[in-house]
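Heads up, the thing below is written out as structure tokens.
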Amino acid sequence: MGKLVALTLLGVGLALIGERLLAFRQRMNVSREVEPVEPGNCHLIEGIETGSEDIDILPSGLAFISSGLKYPGMPSFAPDKPGEIFLMDLNEQNPRAQALKITDGFDKASFNPHGISTFINKDHSVYLYVVNHPHMKSTVEIFKFEEQQRSLVHLKTIKHELLRNVNDIVVLGPEQFYATRDHYFTNFFLSLLEMVLDLHWTYVLFYSPQEVKVVAQGFSSANGITVSLDNKYVYVADVFAKNIHVMKRDDNWGLTQQKVIQLNTLVDNLTVDPATGDVLAGCHPNAMKLLVYNPEDPPGSEVLRIQNVLSKKPRVSTVYANNGSVLQGSTVASMYHEKLLIGTIFHGVLYCEL
């Protein structure tokens, strides 16, 4: 009788594991391929070959690009090289990338930049907030941008027990921001198990010097985050759930969900087109190719535009798609005056004139 019970439990366990693995493969879009879509004159920018995970463009056309991310389970073409922040002036006829100098007093050797967000103060000073993973921890670094010197002056490092596995950030005031946590576990193998079991334990938090709190939770993997042009709505990408959450900001900085836009691709970072208010999403059409990297069959890239986000039926269209032959592992797309920058986890950055 005992053996029968043991065999029954083993069978149930194996069946459950099999079902979870099958569901995981479906969430990763294992068999999906994309048809090429090229929006115009596009080319890779020289000088950025080790990633461009996030991009934030100022109203003036200056674009900040985080590069060199080392992320557990993801490829890295320069694992021993510190990360960098690049600058591009999209007003130039042929924009070039320039690595910004970071002033002394900051540990540049362990710099591992992830999501970024800019903030312009009342005196027009520009501040760059950077999610950093020194030694695979999570901090938020605050820099002041010195435009004439093309440099970043480090001002502050923010740490907090809720700031773990931070992915992206959007700043709305001096030291006031929302940030996403993309995994609950910090251990790589436990986080992989978390992905397979689809635990939905990640969240969005609000940070200020006076208060730090979780404002939205229950995500499979909260990833990219941005805010609408009027600052009334926050958009959050849940990468493994393949959707975008539209959330209304409350007076106390809380978030109230309004709707979920379901997509057929794994959504990474989000930006808002300053000319239209449309949401641009950098996506992974087949995420399994990221986890099991094969240079002969690299991960593709996909950029979606979501129009009329607040309507009952938002319109979703493909801005860019490639099977990896040109651009591998797209994470973000950002617009400025009919010019488009598309960033990646570990590859290059694509510049398109629409």
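The values are calculated or read from the model by the stated rules, or taken from the named source; none is laboratory data. Everything quoted here is computed from the prediction, not taken from an experiment. Please note: Cβ atoms are built from the backbone with ideal geometry, for glycine as well, and neighbour counts cover all protein chains shown. What goes into the accessible areas is simple: the full protein's heavy atoms, side chains included, and nothing from ligands, DNA or RNA. Shrake-Rupley method; radii C 1.70, N 1.55, O 1.52, S 1.80 Å.
Brief remarks follow.
- Strands (runs of 3 or more DSSP E) lying entirely in region 13-92 (those with 2 or more residues that are without any contact (Cβ under 8 Å) to a residue 40 or more places away in the chain): 84-89
- In region 1-58, residue surrounded by the most Cβ atoms within 10 Å (Cβ to Cβ) [restricted to those that are at pLDDT 80 or above and of a type in the set (Val, Ile, Thr)]: Ile55
- Scan region 59-68 for residues that are buried (at least 17 other Cβ atoms within 10 Å of the Cβ) and more than 18 Å from the chain's Cα centre (by Cα) and the total you get is 1.
- So Thr180, is it part of a strand (DSSP E or B) and open to solvent by 10 Å² or more (accessible area, probe 1.4 Å): no
- The set of residues in region 183-214 being over 18 Å from the mean Cα position of the chain (by Cα), open to solvent by less than 20 Å² (accessible area, probe 1.4 Å) and not polar (S, T, N, Q) consists of Glu194 alone.
- Residues in region 290-302 that are over 15 Å from Val326 (Cβ atoms) and in contact (Cβ under 8 Å) with a residue 24 or more places away in the chain: Leu290, Leu291, Tyr293.
- Considering only residues in region 241-283 that are of a type in the set (A, V, I, L, M, F, W, C) and in contact with a His (Cβ under 9 Å, 6 or more places away or on another chain), the one that is surrounded by the fewest Cβ atoms within 10 Å (Cβ to Cβ) turns out to be Ala275.
- Hits in region 129-154 - residues which are among the aliphatic types (A, V, I, L, M) and surrounded by 15 or more Cβ atoms within 10 Å (Cβ to Cβ): Val130, Val131, Val140, Ile142, Leu152, Val153
- Some residue of region 322-338 being over 22 Å from Ile48 (Cβ atoms) and buried (at least 20 other Cβ atoms within 10 Å of the Cβ): no
- Looking only at residues of region 288-297 that are farther than 28 Å from Lys339 by Cβ and among the aliphatic types (A, V, I, L, M), we find that the one that is most open to solvent (accessible area, probe 1.4 Å) is Val292.
- For region 102-128, the candidate set comprises residues that are open to solvent by less than 10 Å² (accessible area, probe 1.4 Å) and in a strand (DSSP E or B); within that set, the residue that is farthest from Asn167 (Cα to Cα) is Leu128.
- Looking across region 290-317, the residues that are in contact with an Asp or Glu (Cβ under 7 Å, 6 or more places away or on another chain) and of a type outside the set (Val, Ile, Thr) come down to Arg305, Gln307.
- Count - residues of region 312-349 that are touching a residue at least 60 places away in the same chain (Cβ under 8 Å), within 14 Å of Gly282 (Cα to Cα) and in a strand (DSSP E or B): 16
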